[in-house]
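The values are calculated or read from the model by the stated rules, or taken from the named source; none is laboratory data. Every value quoted in this text rests on a predicted model; they were computed, and no experiment measured them. We place every Cβ from the backbone using ideal geometry, glycine too, and count neighbours over all the protein chains shown.
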Amino acid sequence: MANPAKSNDLYYITITVVNWIDIFTRDCYRLIVTNNLAFCQQNKGLRIFEYVLMTNHLHMIVQSDEKPLSDILRDFKSYTAKQLFMAISENPQESRKELLLKTFKREGFINPLNKAIQIWQNGNYPMVLFSKDMIKQKINYIQQNPVRAGMVAEPHHYLYCSASPYSPLKCDEW
């Protein structure tokens, strides 16, 4: 990650599921992500200004007040991977259980940085947002992501997005 010591920088981050697998199609899995993001906000100094959780990736505009952002994201990805793997393995309604578990185990096995499983791709693709125009462009990109995907007609209709007044994750004010 680019210069994690500069915690006051504003970053645009993308976190993607391995092989772009559509895992976030069930609320129980989406809530694992949003609940852990809320934990990171409350306990690790993560400031989230905008976000959208799509079926296979997460975009955010974030900042870290306390810890290096790379450490927070590493812990977030590690914890959510374990929680997601357990939730999938225990979900009797998961029709793709065998395929998902097998894929996440295989990806963990072939990645020397992991011990057992891998749900998130390596890297967070951070981009420092250094101008108001860049910030506006990324806000628009985040909010329009579910619209472009054909999931909703308006950004505020998508629940797992900072544009929604009903989002389970509350974002910091600009």
If we keep only residues of segment 105-164 that are hydroxyl-bearing (S, T, Y) and within 20 Å of Y29 (Cα to Cα), then the residue surrounded by the fewest Cβ atoms within 10 Å (Cβ to Cβ) is S164
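Per-residue answers, yes or no, for (1) at pLDDT 95 or above; (2) under 18 Å from Q121 (Cα atoms):
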| site | (1), (2) |
| --- | --- |
| I15 | yes, yes |
| R30 | yes, yes |
| L37 | yes, yes |
| C40 | yes, no |
| L46 | yes, no |
| P68 | no, no |
| T80 | yes, yes |
| E98 | yes, no |
Hey, can you tell me all the residues within segment 51-78 that are of a type in the set (G, A, S) and buried (at least 16 other Cβ atoms within 10 Å of the Cβ)? S64, S70
Checked segment 147-166 for anything closer than 20 Å to D22 by Cβ, in contact (Cβ under 8 Å) with a residue 24 or more places away in the chain and under 15 Å from the mean Cα position of the chain (by Cα); matches are Y160, C161
How many residues of segment 159-171 are of a type outside the set (S, T, N, Q) and closer than 17 Å to K138 by Cα? The answer is 4
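For every residue, the table says whether it meets (1) over 14 Å from Y12 (Cβ atoms); (2) without any contact (Cβ under 8 Å) to a residue 40 or more places away in the chain; (3) hydroxyl-bearing (S, T, Y).
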| site | (1), (2), (3) |
| --- | --- |
| L84 | yes, no, no |
| T103 | yes, no, yes |
| N111 | yes, yes, no |
| K138 | no, no, no |
| N145 | no, no, no |
